[in-house]
Every structure is written in C-alpha cells, then in structure tokens.
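Asker: The structure's right below; bear with me while I get my questions together.
Here, each number is a calculation from the coordinates, and none is a lab measurement. Because the structure is predicted, anything quoted here is derived from the model rather than measured. Cβ sites come from the backbone with ideal geometry, for glycine too, and all protein chains shown count toward neighbours.
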Amino acid sequence: MDKRLAAVAALALASALILASSAASARPPYVFNGSKAVYQLNWSEAGKQYSATVTYQITQVNAGNGSFVVGVKFTGALSGLNGLVPNRTATFSNPWPFPALNTTLIADLNAGKVPPAASNVTVTPHVALSTPAGTFSTDELNFGGGNYAWYDMRTGLLVKQVGPALGYPSSVFELEKASLAQAGSAFAYVELLLVAVGAALLVLLGAEVRRATARRHA
C-alpha cells in the first residue's frame with residue numbers, strides 16, 4: 001500500500017513543479033463551488049492489473065482571498081484511502097491538490113513557454129488528445145523517462161498523465177468526466193514531476209496517511 005500511496009500523492013502533486021514558482025493568478029475557470037473532476041488510474045503490479053477512480057471536488061470558494069477547499073475520494077483498488085486524505089485549502093495561484101494549473105501558467109504553456117522551475121521539460125501546444133471525457137486541444141509536457149502530462153489549453157485542467165512518476169512504469173491517469181459548466185460559461189470537459197517542494201509535500205502526505213493507517217490497525 002505504501003507504494004500506491006506514493007503514487008496517489010504524486011498525482012495530487014504533479015502540478016507542483018511549475019506551480020512552485022508561479023506568480024499571482026486570476027480566478028481559474030474550474031474554480032467554483034461544486035466543480036468536480038473524475039480520473040481513472042490504471043496500473044500493473046506483480047503481473048496483476050489494478051484500477052481505481054480518483055474524484056476531486058471544489059467547495060468553500062472564497063473569492064475575497066482567492067482560496068477554496070479541495071476534497072479527494074477514491075473507489076476501486078484505492079478505496080481503502082477514503083478518510084485518510086484530508087481536505088486541503090488551495091488558492092487561485094496554487095490549486096494543488098486539484099489537478100490543474102493556474103491561469104498564468106496555462107497561458108505560458110499555450111504560448112510554448114517553459115516555466116522557470118521546469119527548464120528540463122519540453123512543451124508542445126495544440127496536441128489533440130482523447131480520453132473517456134472527450135477530445136481536447138492540449139499542451140503536452142514531456143519530462144523524459146516516459147513521463148508525460150497533457151493539460152487542456154482552455155481551462156488548465158489535467159487531461160492525462162502517464163509514466164513511472166505515478167509509481168509504476170505502466171501507470172495511466174486520465175480524465176473520465178468533469179462538471180465544469182457555470183451559468184454564462186462554457187468549458188471543455190476536461191499534473192508534473194516532483195521538485196523539492198513537491199517531494200517535501202509528498203513525504204508529508206505519505207507520513208500522514210501511514211500514521212493514520214497505523215492508528216486504525218493498532
């Protein structure tokens with residue numbers, strides 16, 4: 001379970017690489033009460049195939065200070081994590097753990113610009129990508145070593161992530177569905193390798209979950 005916990009934490013931290021050095025940003029289009037993004041995570045371990053659903057939901061949006069709360073729920077092979085990963089407060093500039101980028105970063109990626117904290121990443125805009133949620137025009141990020149992430153160009157939401165950074169070489173994390181429609185708006189239904197900040201958060205989250213697991217089995 002420890003390795004799978006690390007994989008889940010990596011998913012939630014994927015955007016930490018470039019968010020770590022991001023400037024203040026406007027309110028992203030996916031930030032509103034009830035916004036939800038559902039992802040399917042598939043991986044293989046010891047010759048067996050595993051599947052889980054990870055759902056992120058936004059509540060308690062505070063436009064005054066640019067904050068909101070993100071909750072995460074699991075089904076399938078990771079259902080045992082429910083109740084072990086607490087809700088977390090995010091901001092318009094740093095939406096983690098919601099799997100999306102802020103408005104400043106997605107604008108830079110759309111222009112083909114590599115964020116300062118991700119100088120080793122190759123960015124390719126306007127890459128068409130299909131998932132169970134539909135077909136999207138995305139910014140493709142190639143981190144090397146078989147690790148890729150794709151973000152919707154209009155909303156900044158993660159569409160798909162693949163590679164060993166998720167915990168297993170064959171891991172695939174992709175958008176299954178999202179409820180990103182607000183009155184008067186229309187959005188496509190629609191994270192990055194860990195750096196020091198992301199790694200530190202990963203360690204903290206992993207330790208937190210392990211302590212909670214130990215208490216439950218004491």
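Asker: Check cross-link reach from K73 to the lysines: straight Cα distance under 29 Å, and skip same-chain residues fewer than eight apart.
Answerer: Straight-distance partners of K73: K3, K36, K48, K160, K177.
Asker: Continuing with the same structure: Compute the signed sum of charges (Lys and Arg +1, Asp and Glu -1) over the other residues within less than 11 Å, Cβ to Cβ, of L109. Working shown, then result.
Answerer: Values: positive: K113; negative: D108, D139, E140, D152.
Once all neighbours under 11 Å are counted, the net charge is -3.
Asker: Among K113, K160, which comes first, then next, by fewest other beta-carbon atoms within 10 Å? Working shown, then result.
Answerer: On the way: K113 12, K160 21.
Ordered from fewest to most neighbouring Cβ atoms within 10 Å, K113, K160 come out as K113, K160.
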